[in-house]
Structure formats: C-alpha cells, structure tokens
Amino acid sequence: MSKIKTTFKDALNLAIYQEMERDSSVFIYGIGVPDHKKIFGTTNNLLERFGSERCFDTPISEDSLTGFALGAAISGLRPILVHIRVDFSLLSMNQLMNQISSFRHMSNGEFKVPIVIRNLIGRGLGQGCQHSKSVQSIFAHFPGLKVVMPTTINDAKGMMAAAIRDDNPVMFLEHRWLYDQEGEVEEEPFVLPLNKANKIKEGSDITIIATSWMNVEAIKAAQILEKHGVSVEIIDPRCISEIDIKTIMLSVLKTKRCIIADYDWIHCGFSAELSAQIYDHCLCDGRSLLEKPIHRIGFAPTPCPTARHLENEFYPNAIHIIRSIEKMLDLEEIDLTGEEFYSHEKKFKGPF
Amino acid sequence: MIDINFYKNLYEKIYLIKRVENAIVDNYMDNAMKTPMHMSRGSESIAAGVCSACGDRGQFFGTYRSHAIYLSSGGDINKFFSEMYGKENGRFGGRAGSMHISSPESGHIASSAIVASNIPVAVGASFANKIKNNKKIVVVFFGDGAIDEGNFWESLNMACLWKLPVIFICEDNRLAVHTYKNKRQGYNNIINIIKEFNIKTYSGLGTDAEIVYNITEEAISHIDTFNQPCFIKLEYFRYLEHVGIFSDTNQNYRKEDTWKEPYDYFEKLRIKLINNNIDIEDIERNINNIVLNAIDHAKKSSFSDPKELYRNVFYVEN
C-alpha cells in the first residue's frame, strides 16, 4: 500500500480508470467526455485505454441520455454520465425524478439501478446564472437518489469508487475550485462510505458544518480565528441525501454552537433540513442544548450574476463565516487587512 | 402455407386481452381496483402481432396503456389481477398498479406513465444488448402523442447514430388524451420526416395482427441484416376514453368512427380457425376460466403489511 502525490481531479480520474479496469460493465459518456479537453482532465486516458464503446461523446440530449443510463443499468451495465455543469442536469429532471429515483421501488426491488451521474458545480470565471448552480437539495428531495459532495482528495478517489460500485443511482457533485487541490492518496483502489460525515478539523468553541467548497472557506476562517483565540471544529456531511446526524451531533453537543455553511441557496435548502434535524436532537427536558440559534450561510437569495464584484456579493466566503462567528460569540470584529482569500486567480492548492 | 397454429396463437393472445379487459370492465365499478385504467381495447392486434413476431428475443417497453403488451408477452394472469387489486401477490406487490405493470420474466421490461419517457430507457437497454451481443431486440411502444416530446426525437437520434437494435412502435390513434393531431402537429407526414434519419420505416394497419406480425418480422430481419433501428407506425382506434372503462364517443370531441376493423378481423380469424377444425369454444372456455379464476384469486388475496412501503427505496446489501 503506497500513497501517491496527486490532485483532486487526477484522483477522480484514477478512481474512474481503476473501476473501469476492474469491471468491464462500467462505461462513461456525456457531452465532451472523450474530447481533447477531457472534462478538465478527469476523463484522461479512458478513451485510449477502454475504447469508444466504453468512453463516448453524445448528442446534446440530457434528459434522454439520463433515461439511456436507466435502460443500460437495468440491463446489467454500470453507466457514468457526465454533465460538465450541474445546470445541464436540470434538463434531465424528468428521467431523474419520474424514472430513475422511483424505478427500484416501483418494481418492488426487482431491479438494481447502478448509475453515477457526475455533475460539476461551482464557480469559474464569472459563470453567470446558468453555469453556476449546485442544487444538491433538489436532488436530495427525492427518495431513491443518493447525493454526495466530495471535498478532499481522499473523498474524490474513495467516494467515486464507491459510487461506481454502488447498486443505486448516485448524484456526484464536484466543485471545480477543488480540482487543483494537491495532496496524497492511496494509489490502490479503495472505497469510502457514501453516507458518513468527515471531521475536517477538530475544535472546541463552535462547529461549522460545511458542504463542498465551503469547507475551504471554513478552514480559512478557522485559521484566522485561531490567531484570535477561537477554536473552530469543521464537519463535512459529504452525503446530502442521508445525513450522518450522529457525527454531526457529537460535535454540536460539544461546542453548543453551530453554523451551517451550505454551498447553495438557503431557502428550502439542505441547511434548512439539517437545522431541523439538529434542533430535534438538541431538545432535552423542553430546553435546547444549544447556546445560540443555528446560523445559516449560503448563496444570496438572487440568481448568480457574472461581474466579479456582484459575484463576490453572491457567494458566501470565509469573511461571512468569520463575521457570523464573531456575532455568535459576542466578539469584536477582527481586522482582516492583509489576509488573503481564495479566488479564481488564487486557487486553493490544499491540502486540508 | 402458414401453419394454423400461427393463427391459433394470435387468436389466443387477442382473446385473452379482450377477456381480461372485459373482466376489468365488469368489476371496476366495485371500486376495489384502485388504479387508473388506460384500456388497450382496439390495439389488441398490435401487441399480439409484435410479441408473437419477437418471441424470446423481444424486450418490450410500454406506456400506461400496457395491458395488451403484458398479456401478449406471456405475463402471469394471476399476478396481473392481484396487481390491479393492489394485493401482496401482485406482480409488483401493488406498487405498480395498471400504469406501471410489466413482466420482465416474459420480456415486458417496464411501463411508464410519463409520455415518451420510456423511449430513451429502451434505447439504453438496446445499447446494453448490443454491447453484450445477446441478439435481443428492444421494442418500445408509444402513442403518436409521444412524437410531440423531446424524448422521442432525442432517442430516435441516438438509436440511429449508434445503430442500435431497437424497434420504435408508434401506436397511432390520432389522439393525445383528447387532442387530435391537427391541434398538435405542425407537419403533415411523420414518416417522411423520420425517413431522413438512418432508420428503416414501416407503416400499416394496427388492427390486423397478421399485418403487424409480418411488418415486425421484416423489421427484425432488417435490424439483423443492416444493423439499423426501425420505426413502425400502426394505426388503430381507441375504443374507450383516455382513462377509464367507458366509451366517450358521446362527449362531442370525437365521433365513433367507422373503425370496426379489429373486431371484423377477430371474427375472420375465428372463422378461419373453426374452418380448420380448431376447437375454438374450448380455447375460449379455457381462457374464460383462467381469467375468472384470476379475478377470484386476486379478490381473495391479502394486502401486504403497510410497512412494506419502506422497503426497496434503495438496494441494500445484506
């Protein structure tokens, strides 16, 4: 067993490559999958190694490509469908919600539906309102779909392998700004559970529950706050469709203060569901065990703009997290002069 | 000279569909079959002809109007009625009802109640068959209303592009729910349009099972020889309302056309069998008994434990 130096995107690529090597029923397809850009490098070497029967380009027909996955899956293949922007998968909601999510239940468990749908999410260079969404809560609303958001390189490799081996449909949401993250990962194939949270950082004063890219912002916030004597614990739920409430509650009951930083809109979102579940578990003898109400951070309640100054206002970041924690702990505002934050130009290189 | 058993087989399938649907009509008003019924009456010959021509090679994908496909593929009659009554021994334990009935073991893989949405699923299944080289032929049934949907055109394009072994069968009754073609379609002849794709097209009368059989057989042979999908348009008359067990030709939106062909055809088929010394009454009596017993069996069967609801949302390893 040996570790290799890699990046998030290469770890995704390696997991897919290894699973395609391991199981000849796995194939990968979607708009631009085998082209020269290779979905930011995540589909490198697949066409060359496995041929055009198992790695192929498609017409721009998202809904039917998704129904196609269902037909292939119930016939014994294991499709991986790629959407280079999650926004495009919204065109396939009919097949996702009317067919795929209900197919196993409707057939009384007779069919397995092993499908992975990779959706790239998040910011780039001014992606505007139609190339910038995340929408995990929409997918997770429907029983029958697994929805996961890997954050670390280890997640990228282990959760991708697990998703491919899973006999259920998995929506796999990959944030582009995590792609350049550098670090080490086990070279040999391995799987991580698709329903377990991950403690990103140990702390004692407050818990931040962060999804996807928000973990990077949370780490940045924690580093700054630590210089001012505040100890932050960070928990990454990783799975949206099934909340690992035990891991989350162990942290929340320790710190008694909780901020949810979800990479999505707040209204009717994952942070609302998670808050409700935390509150349910925090009641003891009619009294809440929390010192303060949960605070939620997410996208501004507007469509996403293009111009950078408006985009900066739209997306939540480390500064939002710091200011929220200061309020929750009754602290003076920290002077952030001289602190550097992440952007499209200043990429997060990891490791966590 | 065609073997008389060929006609006997077609007649048995058609008679079974008619008898089963008559039994639904006879019992539906008891309000014990709590599932919306989209009846196949008028299209019996399509299912009987296609399923007979495909035999064991067929994998059928249907719509919410799939009783005829289920029965023609050889689906279990007891499980059919138990499913209609929502009983635990129904084909899918009462989760499917009429709209999602299917019988994978006899080749009827799935039925969907969203117009056109099974077309891409069928194309995906035909892709898997091609990869596995198992010689299966996927047949996807849909109404002409499905041609208004993006799923139809997207799937047609993919099947032609990737040369998949799939037959698209348009069961054309000119109606989408209650709306005629002239209110929905901005073109004249769908066959002329589809001919521009890399596909073989056929059209014919869907009320004559022998015609349907012959066209389907030709289509299968075309797929085997030319490695190209096929599109077949078969016309028929929907005798009953869009959903429900009644005629709705008194509702002013349509007239009872002069479409008596299927029933003329059934009668001719029956006479042909009698003239060939087939004991038609024995065949019919047997089927009547099977259907009556199945209804009785379904009524006497139990409902599942309500906790069954929670099973099988996901596949879970034991």
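Coordinate-derived values only; no laboratory data. Here the structure is a predicted model, which means the values were calculated and not measured. Methodologically, a virtual Cβ is constructed for each residue, glycine included, from the backbone with ideal geometry; neighbour enumeration extends over all protein chains shown.
To the nearest 20 Debye, how big is the dipole of chain B about its Cα centre, given +1 on the beta carbon of each Lys and Arg and -1 on that of each Asp and Glu?
Values: 36 positive and 39 negative charges, 120 e Å.
Dipole about the Cα centre, nearest 20: 580 debye.
For the stretch A:3-186, what relative contact order do you get, as a whole percent, if you take Cα pairs closer than 8 Å and at least 6 residues apart?
Relative contact order for the stretch A:3-186 comes out at 29 percent.
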Say each of residue B:296 and residue B:132 gets a label point 7 Å from the Cα, pointing the same way as Cα to Cβ; how far apart are those two points in nm? 3.9 nm
Normalised alpha carbon radius of gyration of the stretch A:3-186 [divisor 2.2 N^0.38 Å]: 0.96
Which distance in nm do the two modelled labels at residue A:3 and residue A:23 give, with both placed 7 Å along the Cα-to-Cβ direction? 2.8 nm
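Determine, from the Cβ-Cβ distance of residue B:228 and residue A:339 and an R0 of 45 Å, the FRET efficiency 1/(1 + (r/R0)^6), rounded to the nearest 0.05.
Values: r = 64 Å, r/R0 = 1.41.
It comes out at approximately 0.10.
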What are the ³J(HN,Hα) couplings of the stretch A:97-102, residue after residue, when phi is run through the Karplus curve with 6.51, -1.76, 1.60 and θ = phi - 60°? Round to Hz, x for glycine and proline. 8, 8, 10, 4, 5, 9
Taking the Cα centre of the stretch A:198-328 as the origin and placing charges on Cβ (Lys, Arg +1; Asp, Glu -1), which of A:263, A:322, A:245 is farthest toward the positive end of the dipole? A:322
Charge dipole of the stretch A:1-61 built from unit charges on the beta carbon (Lys, Arg +1; Asp, Glu -1), centred at mean Cα; most positive-end Cα among A:36, A:25, A:14 is A:14
Taking a ≥ b ≥ c as the square roots of the eigenvalues of the Cα gyration tensor of chain B, is the shape rounded (a/c under 1.5), prolate (a/b larger than b/c) or oblate? rounded
Would you work out the relative contact order for chain B, in percent, from Cα pairs under 8 angstrom that are 6 or more residues apart? 23 percent
Can you list the residues, at least 5 places off or on another chain, whose amide H is less than 5 Å from the amide H of residue B:174, using H built in the peptide plane? B:144
Order of B:303, B:168 under a 10 Å beta carbon neighbour criterion, fewest first: B:303, B:168
First check a/c for the stretch A:88-232, with a ≥ b ≥ c the square roots of the eigenvalues of its C-alpha gyration tensor; if it is under 1.5, answer rounded, and if not, answer prolate when a/b is larger than b/c or oblate otherwise. prolate
Taking amide H positions as placed 1.01 Å from N in the peptide plane, with prolines and chain starts having none, which residues 5 or more places from residue A:299, or on another chain, fall under 5 Å of its amide H? A:264, A:265, A:266
If all Cα-Cα distances of the protein assembly as shown are sorted into 20 Å bins from 0 onward, what percent lands in each bin, rounded to whole numbers? 17, 43, 28, 10, 1, 0
Residue-ordered couplings for the stretch B:45-52, obtained by feeding phi - 60° into the Karplus form 6.51 cos²θ - 1.76 cosθ + 1.60 and rounding to whole Hz (Gly and Pro as x), are 5, 5, 4, 4, x, 5, 5, 5
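Select from the stretch A:209-239 those trypsin sites (Lys or Arg not before Pro) which occupy a DSSP coil region and have at most 16 other Cβ atoms within 10 Å, ordered by residue number.
Values: sites: A:220, A:227, A:238; in loops: A:227, A:238.
Sparse-neighbourhood loop trypsin sites (Lys or Arg not before Pro): A:227.
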Within a Cβ distance under 13 Å of residue B:197, other residues only, what is the Lys/Arg minus Asp/Glu net charge? +1
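First measure r as the distance between the Cβ atoms of residue A:307 and residue B:203, then evaluate 1/(1 + (r/R0)^6) with R0 = 51 Å and state the FRET efficiency to the nearest 0.05. Please report the intermediate quantities before stating the final value.
Numbers: r = 55 Å, r/R0 = 1.09.
Efficiency at R0 = 51 Å is approximately 0.40.
Under unit Cβ charges (Lys, Arg +1; Asp, Glu -1), what dipole magnitude, rounded to 20 debye, does the stretch A:185-246 have relative to its Cα centre?
Numbers: 7 positive and 11 negative charges, 47 e Å.
Roughly 220 debye for the stretch A:185-246.
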Positive dipole terminus of the stretch B:4-310, leading residue within B:20, B:108, B:49 (C-beta point charges): B:108
For residue A:196 and residue B:276, FRET efficiency with R0 = 60 Å and r from the beta-carbon atoms, rounded to 0.05? 0.30
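Within the set of other residues whose C-beta is less than 10 Å from the C-beta of residue A:122, count the net charge using Lys and Arg as +1 and Asp and Glu as -1. All intermediate terms of the calculation are to be shown ahead of the outcome.
Working: positive: A:85, A:123, A:133, A:176; negative: A:174.
Neighbour charge sum, excluding residue A:122 itself: +3.
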Can you tell me what share of the DSSP beta bridges in the protein assembly as shown is antiparallel? A percent to the nearest 5 is fine. 20 percent
What are the residues whose amide H is under 5 Å from the amide H of residue B:278, where those residues sit 5 or more places off or on another chain and H is modelled from the backbone? none
Can you tally the net charge around residue B:59? Count Lys and Arg as +1, Asp and Glu as -1, for every other residue whose Cβ sits under 14 Å from the Cβ of residue B:59. +3
For the stretch B:19-64 the trypsin sites (Lys or Arg not before Pro) that pass both the DSSP coil test and the at-most-13 other-Cβ-within-10 Å test are B:34
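How much of the DSSP bridge set in the stretch A:3-186 is antiparallel, in percent, rounded to the nearest 5? Numbers along the way, then the final one.
Numbers: 5 of 25 bridges.
In the stretch A:3-186, DSSP labels about 20 percent of beta bridges as antiparallel.
Out of all DSSP beta bridges with both ends in chain B, state the antiparallel percent to the nearest 5. The partial results should precede the final answer.
Numbers: 3 of 29 bridges.
DSSP beta bridges in chain B are roughly 10 percent antiparallel.
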Given unit charges at Cβ for Lys, Arg (+) and Asp, Glu (-), the dipole magnitude of the stretch A:198-328 about its Cα centre in debye, nearest 20, is 320 debye
Scan the stretch B:166-210 for GluC sites (Glu not before Pro) in coil per DSSP, keeping those whose Cβ has at most 14 other Cβ atoms within 10 Å, and list them by number. B:196
Using a 7 Å offset from the Cα along the Cα-to-Cβ direction at both residue B:161 and residue A:287, what is the distance between the two label points in nm, to one decimal? 6.4 nm
